[in-house]
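The values are calculated or read from the model by the stated rules, or taken from the named source; none is laboratory data. Treat the numbers as computed from the prediction; the structure is a model and nothing was measured. Note: ideal-geometry Cβ built from the backbone for every residue, glycine included; neighbour counts use all protein chains shown. Each accessible area value is taken on the protein alone, full model and side chains, heavy atoms only, with ligands, DNA and RNA left out. Shrake-Rupley method; radii C 1.70, N 1.55, O 1.52, S 1.80 Å.
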Amino acid sequence: MAKVAEVVQLVGELAPGRLAEDWDNVGLQVGDLNQEVENVLLALDFNNEIFTEALDKNCQLIITHHPFIFNGIKSVDAQSESGKLIYGLIKNDISLFSAHTNLDIAEGGLNDYLIRKLDVENISVLKTTSSLNYYKLVTFIPEGSFKNVRDALYAEGAGKYKNYSHSGFYQQGNGNFRPLENSDPYLGQKDSLNQVNEYRFETIVAPENLDKVVKTLLREHPYEEPAWDLYQMENLKNEKGIGRIADLKEEIELQTLIEKIKEVYSIDQLKVVEQKNKIKRIALCSGSGADFIKDAYYQGADLYLTGDIKFHEAQTAEELGLSLIDFGHYGSEKFVRDLLAASLKTKASAKLNKELNFIKSELNTNPWTYK
C-alpha cells in the first residue's frame, strides 16, 4: 500500500502548498505521514457525517477542500464536537489533509476546472497573488552525455513555458580544463590541459521547478564539477492568482448563458444582476469571490460568476454595469471531488505502483436548502 506522504506528494504536484494564501491553513491537519493508505475519501468539508462515511468505506485518508482546523486550537477536548472528531480520526487511524486556496490558485486547479466547463478561450488569472521570475539555466555537457542530461532536465520541467515544453538552445564547442592532484576527472588526464568536445545548453526554468532541475543537473551530469550558470529573467514571470477570466468563443445572450450555467454546473437556482445583455468576456471565482468584482470589471468582463455575494456587493456590480451571477459557495466548490479524483488517479497510476483507491464523497454538505 501507499503511505500518506506519497499521496500528499501527489496533491502537492497538483496544488503546491506554497500557493496558499497567508491566512489559509492547508496541508496535513491530523494524522501520520508514514501511515499506510489503501482508500482515500475526497470531500469538500469534514464533519461527523464525512467521518462516518470514511469509516463505512474503510478509508485511511480524507482529503478535503475546506480546512477542518482553520484557527489555532488551544486544547483537544473529547466533549467538544471538533475534539470528538479529532479523537475519532486518531483512534481509527485516519489522516486528514486539506488543499484549499492552493487548489483554487494552481494551474489546472479548481478555477481552471470550472471555467473550462464553459466554451471559452484565452484563459488568464483574474487577480494575481504571486509573481516570480523565470530563470535561464546554462550548462556545458560533454558530447557523449548531452542527450541524457538534456532529456533528464526536460523531464523535470525545464524548458516549459505556457503552451510549450522542451524549449532550449544548444551549440557545439570546445571546453578546456586542467584536473589538479586531488581531482577525479570524468574525462582527460590529471595535471594536463585537456580539451573536449562539449555542448553549451541553455533552457528556461519556472521558479517552482528550479530546485529539482538543479538537483537533476548535478546528479546526471558526468563531470565531478560541472559548470553551470543561472540567470534571473526580468522579462518572463510566473504569475499565479485567484479566479480566472476568459473569452467565450461566441458572444451569447445573458439569458441563454444563464440556462447554460445551470446545466453545466448542475444548479437549479441562480442570483443574477442583469446589466449587459450580450456576454463575450466572463470572469469566474470559486467559493467567495465578492472581493474581486472590481477586478472583473477592470479586466473588461461582461459577466462575473462567483458565490457568497451580499446585497451591497451586488449593488456595486450594478453601479459598474457588470452582469453578476451568484452560483453559490457550494455550487462551485462541490466539483473539487471530481477534480481531485481525476487528477490524483492519473498521477497515482503514473507514479505509484501500488494499490490506491480514490473515492468521491456522496454527501451533500451544503447547509442551505431552497424551498
| Index of the failed condition, residue 131 passing every other in (1) of a type in the set (S, T, N, Q); (2) in contact with a strand residue (DSSP E or B) (Cβ under 6 Å, 6 or more places away or on another chain); (3) at pLDDT 95 or above | (3)
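State all residues of the stretch 188-202 that are touching a strand residue (DSSP E or B) at 6+ places or on another chain (Cβ under 8 Å) and open to solvent by 60 Å² or more (accessible area, probe 1.4 Å); if no residue qualifies, say none.
193, 195, 197, 200
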| note | The helices (runs of 4 or more DSSP H) lying wholly within the stretch 74-130 that contain at least 1 residues that are open to solvent by 80 Å² or more (accessible area, probe 1.4 Å) and either within 30 Å of residue 257 (Cα to Cα) or touching a residue at least 24 places away in the same chain (Cβ under 8 Å) (or both) are 81-91
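Can you tell which of 159, 173 is modelled with pLDDT of 95 or more, out of contact with any helix residue (DSSP H, G or I) (no Cβ under 8 Å at 6 or more places or on another chain) and more than 30 Å from residue 285 (Cβ to Cβ)?
Exactly one of 159, 173 is modelled with pLDDT of 95 or more, out of contact with any helix residue (DSSP H, G or I) (no Cβ under 8 Å at 6 or more places or on another chain) and more than 30 Å from residue 285 (Cβ to Cβ), namely 173.
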| remark: Residue count, the stretch 338-371, condition assigned to a helix (DSSP H, G or I) and either among the polar types (S, T, N, Q) or open to solvent by less than 90 Å² (accessible area, probe 1.4 Å) (or both), comes to 12
| task | Can you tell me which residue within the stretch 268-301, out of those that are among the acidic types (Asp, Glu) and more than 13 Å from residue 258 (Cα to Cα), is least open to solvent (accessible area, probe 1.4 Å)? | result | 295
| remark: Checked 147, 160 against criteria (touching a Ser or Thr at 6+ places or on another chain (Cβ under 9 Å), open to solvent by 70 Å² or more (accessible area, probe 1.4 Å) and of a type outside the set (S, T, N, Q)); the one match is 160
| message | Please go through the stretch 251-277 and give me each residue that is basic (Lys, Arg) and more than 10 Å from residue 303 (Cβ to Cβ), ordered by number. | response | 260, 262, 271
| said: If I ask for residues that are among the acidic types (Asp, Glu) and free of Cβ contacts under 8 Å to residues at least 24 places away in the same chain, which ones from the stretch 251-290 would you list? | reply: 259, 263
| remark: Those residues of the stretch 209-250 which are of a type in the set (Asp, Glu), under 30 Å from the mean Cα position of the chain (by Cα) and open to solvent by 70 Å² or more (accessible area, probe 1.4 Å) amount to 211, 220, 234, 239, 250
